[in-house]
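The values are calculated or read from the model by the stated rules, or taken from the named source; none is laboratory data. Not measured: the values here are computed from a predicted model. Here the Cβ is made from the backbone with ideal geometry for all residues, glycine too, and neighbour counts use every protein chain on show.
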Amino acid sequence: MKIPHVRAGAGCLVLACTALTGCARPQQEVTLLDTRTGHPVEGALIFSPDGLEVHRSDVHGRATLPPGAMDRGLTVHAKRYAPIELQPGSIPDTLRLVYDSVRANPVEAAMTFTRADTLKGTYGPYRENNDLLGYALDVKVDVEGRSLTGRNTIRFRMLEDGDRIQIDLPQAVTVDSLRFGAEDVPFTRDEGAVFVDFPETLRKGETHDLDFWFSGQPVTSGRFGGFALREDSLGNAWLTTTGTGWWPNKDQYADEVDSMTISVTVPSDLVDVSNGRLMGVTDLGDGTTRYDWKVHYGINNYSVSLNIGKYVHFSDTLGDLSLDYYALPYHLDAAKRQFAQAKPMIRCYQKYLGDYPFPKDGYKLVEVPYSGMEHQSAVTYGNLFENGYLGRDWTGVGISDRFDFIIIHESGHEWFGNAITARDVSDVWIQEGWDTYLEDIYVECMYGREDALAYVNGYKSKVRNREPIIGPPGVAHWPTQDQYFKGALFLHTLRSVVDDDEVWWGLIRDYYRTFEHRNIWNTDVITFFNRKLGRDLRPVFEQYLYFASLPVLQASFRNDSVRYRWKADVADFDMPVKVRAGGSLETLHPTTEWQSTPLNGVAPEDWRPATDLFYIDFEKE
Ligand SMILES: [Zn+2]
């Protein structure tokens, strides 16, 4: 299910009509194209003169603007392109953007993407013509053979007439057959995509089920394993999955099922732990046992996982919320000790954000042989039952060794990542930056403001500032690791910009409540903060997220006064900042124009911006 998207041909007027309100004023659609290539420009920011509403161009280069937008004029900012200012009343249907090598980030400009990246990453025509409703995944796992066989019944509704849809499955896994009603339907494999061709046109609004039968040995790869078979310390098989490469699904972020079932048949001496609520365990009498799980909510494809091992189970509750823990028998005592951190953590997250998002499924922690992953309602854990991260003080400032980084970070994704999800990988700071900031909220909740300040500033050593946090769209490219650490430091800076803790924590709760169980764009985030605060923060969001460099506060000292201004990529960059002048903390409102203020006897070396509250660079002339 996803938020319905009304679309018309380029340049058409779209009337927002309902039975109750009649027809509202017309919306306008504009299409952005690259002048040289004629290709659509995706991911451009289009904003009104007051900057409060920010829109985004889609995969077709199209953006639907609200009624009245053309009366007020518009500004278009796209990475790599010269900005466009449009005067009121002069907005054409098509805008041609001119490449600007000075604005292009060199790291991004050097990136190349393959056809496979585009097939995987783009919300293309055979994805956008349908809306996922449900999966019924039923697999039998040959653990010793590291293989599986099974079926995913994919339920979808057509959003327009069509006879083809795209499902994804890596080449390493065999498509055994695709059953549509009583018929086998043909398909074409192209890289990781499986294009399914129906014998007749499926009509808009119709709901259908496709039985996708598959088998094989999915690839074992990456730090977390993919489809990985290992042994525990006693020589028992231990098979875990991460990522989406082991089962057929519509592999993108924007569209999630409304709910799903996961049935997993395993050797009877092992246990499968998957996502959702355990509905039944059936001994099939042939040496195998089936575990039936039900996920009662939308779920990211990459969250769906199998964890098959010789697990023991223990449980607890937090109010009405069930807490279920799975560990290897020889780690039972360690798990009981370490997993006790889950309860106070959930209390903190509920205090600052809102209720645990998946109460019908409960919360689980599941031991695995890799560091951990945010699998929805079945968070996987492999952090050695020690505080810190794999035995290290993660932020290096003596705070992260007070708690288990993996429990706190991966569980935080239940709120930021699983309940609120980015619509495309390019915007995935919505998951990782926000969740990293949530670690800092945890520290503040448990240990107070001073330690939270030290913790988040400890992340500065991990930031590179070489490429933007928002990556190239539509190519399944995982953006720079700055999306985590700089993302958290940016939110910390935004709190200092807001400069009112009551307002800030209210905004954070409101943000979570507004977008819970939704898949959103970064432009939704910007518009939310602008509207709630009634202030144009677009230059701040744009500089931190769409450019590599930090804003630089420049200062020059002369005759008991200081001149100061911002140097930034965003031409109209404008952000308040606090400075420590002698013993006092003062707020300045620098712009990109020089301003000056008296020093009143404060020595230049005693005048410094509060870089612990604002993540910026400082240059003295
Ligand atoms: Zn994460």
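Does the stretch 356-380 hold any residues that are of a type in the set (Gly, Ala, Ser) and not in a loop (DSSP other than H, G, I, E, B), and which are they? Can you show your working first?
Initial filter on the stretch 356-380 (of a type in the set (Gly, Ala, Ser)): 362, 371-372, 377-378.
Selection gives Gly372 alone.
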Problem - Search result, residues across the stretch 230-260 that are more than 19 Å from the chain's Cα centre (by Cα), farther than 18 Å from Ile167 by Cα and either surrounded by 23 or more Cβ atoms within 10 Å (Cβ to Cβ) or not aliphatic (A, V, I, L, M) (or both) - result: Arg230, Glu231, Asp232, Ser233, Gly235, Asn236, Trp238, Leu239, Thr240, Thr241
Problem - Residue check for Leu133: surrounded by fewer than 20 Cβ atoms within 10 Å (Cβ to Cβ), part of a strand (DSSP E or B) and in the same structural domain as Gly192 (by TED's automatic domain parsing) - result: yes
Exercise for the section: Please give the number of the condition Leu384 fails out of (1) within 16 Å of the ligand (Cβ to nearest atom); (2) part of a loop (DSSP other than H, G, I, E, B); (3) aliphatic (A, V, I, L, M). Expected result: (1)
Completion exercise
Here the residues within the stretch 250-272 that are farther than 19 Å from Pro357 by Cβ and part of a strand (DSSP E or B) are Thr261, Ser263, Val264, Thr265, Val266, Pro267, Val271, Asp272
Practice task
At least 1 residues that are touching a residue at least 40 places away in the same chain (Cβ under 8 Å) and not β-branched (Val, Ile, Thr) in each: list the strands (runs of 3 or more DSSP E) lying fully within the stretch 502-621 that qualify.
Solution key: 518-520, 552-558, 561-567, 577-581, 607-609, 617-620
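Okay, residues lined up against (1) within 14 Å of the ligand (Cβ to nearest atom); (2) in contact with a Ser or Thr (Cβ under 8 Å, 6 or more places away or on another chain); (3) of a type in the set (Val, Ile, Thr); (4) farther than 21 Å from Tyr511 by Cα:
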site	(1), (2), (3), (4)
Phe416	yes, no, no, no
Asp424	no, no, no, no
Val428	yes, no, yes, no
Cys445	no, no, no, no
Val463	no, no, yes, yes
Practice task
For Ser496, state whether it is within 21 Å of Leu45 (Cα to Cα) and in contact with a strand residue (DSSP E or B) (Cβ under 9 Å, 6 or more places away or on another chain).
Solution key: no
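For (1) within 16 Å of the ligand (Cβ to nearest atom); (2) surrounded by fewer than 23 Cβ atoms within 10 Å (Cβ to Cβ), each residue gets a yes or a no:
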{"residue": "Phe358", "(1), (2)": "no, no"}
{"residue": "Val379", "(1), (2)": "yes, no"}
{"residue": "Gly396", "(1), (2)": "no, yes"}
{"residue": "Ala419", "(1), (2)": "yes, yes"}
Exercise for the section: Would you check if there is a residue in the stretch 221-233 being of a type in the set (S, T, N, Q) and at pLDDT below 95? Expected result: yes
